[in-house]
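Report on the following structure.
The values are calculated or read from the model by the stated rules, or taken from the named source; none is laboratory data. Every value quoted in this text rests on a predicted model; they were computed, and no experiment measured them. Virtual Cβ from ideal backbone geometry, glycine too; neighbours counted across all protein chains shown. SASA here: full protein model, heavy atoms, side chains in, ligands and nucleic acids out. Shrake-Rupley method; radii C 1.70, N 1.55, O 1.52, S 1.80 Å.
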Amino acid sequence: MVDMDAIVDDLDAERADLDDAVAGLDSRAWRSPTPAEGLTIACQIAHLNWTDELVLRAISGAEEFVSGTEGVLVPPSATDAINAGAEFVNAGTEKRSQWPRDELLAAWRKSAAELSLTLRALPRGTRIPWFAPRPLSAAAMASSRLMEVWAHGQDVFDALSLTREPTRRLIHVARLGVRSRDFAYQLRGMVPPEQEFRVELRAPDGEVWCWGPEDAAERVEGSALDFALVATQRLHRHDSDLVASGEAPEAWLAIAQAYAGPVGSGRPRLGLGPEGLPGGA
């Protein structure tokens, strides 16, 4: 049985780490650019606040949420829905990123606390509509929210040149990355491999987390941290310590994504610009 309280405990802890990083920022630092193109620290917090509120809206009234996002959740195809959903979310993010710092921080803290309480109280079996091919279970939504906080938090930590120590909470991000394998292919109009891969990742405490058949010939091995960074497209696959055995796992690492968002360009290799040339030329 899924331990919902344990997932939400980890979500709260992930938010607390990010809150500690941004709480004391002055107005200038608040507007600092992050490695995510076009997004400041304010934008990152605005995105988390806005999407928290959208999840709450989806939970409180699924029909109202669908009708309120008509043309976003149910356009012609799942890929169209994801792209339209991203535009919808980005518009809301941009709007509230302009709010005064203290107002936005207070709004994020309020939506975060309310969402945690709401997730803990949901009946078992609850499904939540979202910008994805199908509604999410409550546990999947909680894990997805943790992944979002961790990934956008990484952008903030990088912007502030802060080192964040990896924790066992990475298991939620890694699990989403593994389970989203076929989705990453389908989103790009590609046919997923028929065979499962074996994925073995070193946790921060030295434990090895495993998914897939133990005797699978095709596999991915490396640190859970680097896999999480690659699966959230915060690190180029070739700058990671991940080792792929087989052509199919190598191809997967180039497109892996743990989130229900549109296809992105990911991060360039370290020291290279977006066109793969030194210095971004």
Phi-based couplings in Hz for segment 200-207 (Karplus 6.51, -1.76, 1.60; Gly and Pro marked x): 10, 10, 7, 6, x, 8, x, 5
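Of all the accessible heavy-atom surface of the chain, with the other protein chains kept in place and a 1.4 Å probe, what percent is carbon and sulfur?
Exposed carbon and sulfur together represent 52 percent of the surface.
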antiparallel share of DSSP beta bridges within the chain, to nearest 5, in %, is 70 percent
Listed residues G206, L56, H172: farthest to the positive end of the dipole of the chain (Cβ charges): L56
Can you list residues from other chains, or at least 5 along the same chain, whose modelled amide H is less than 5 Å from the amide H of R219? R198, S245
Please list, in order along segment 120-130, the HN-Hα scalar couplings obtained from phi with the Karplus expression 6.51 cos²θ - 1.76 cosθ + 1.60 (θ = phi - 60°), rounded to whole Hz, x for Gly and Pro. 4, 8, 5, x, 4, x, 5, 10, 10, x, 7
Per the rule of 0.36 nm per residue minus the C-alpha distance, extending D26 to D215 adds in nm 62.7 nm
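Could you order S111, S60, S32 by accessible surface area, starting with the largest, using a probe radius of 1.4 Å? It would help to have the intermediate numbers written out before the result.
Working: S111 5, S60 100, S32 30 Å².
Sorted by accessible area, descending: S60, S32, S111.
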Residue-normalised accessible area of the chain, expressed per residue, 1.4 Å probe, Å²: 48 Å²
So what J values fall out for segment 154-160 if you push phi through Karplus, 6.51 cos²θ - 1.76 cosθ + 1.60 with θ = phi - 60°, rounded to Hz, Gly and Pro as x? 4, 4, 5, 4, 5, 4, 8
Would you mind pulling out the separation of the Cα centroids of segment 195-229 and segment 124-170, in Å? 19 Å
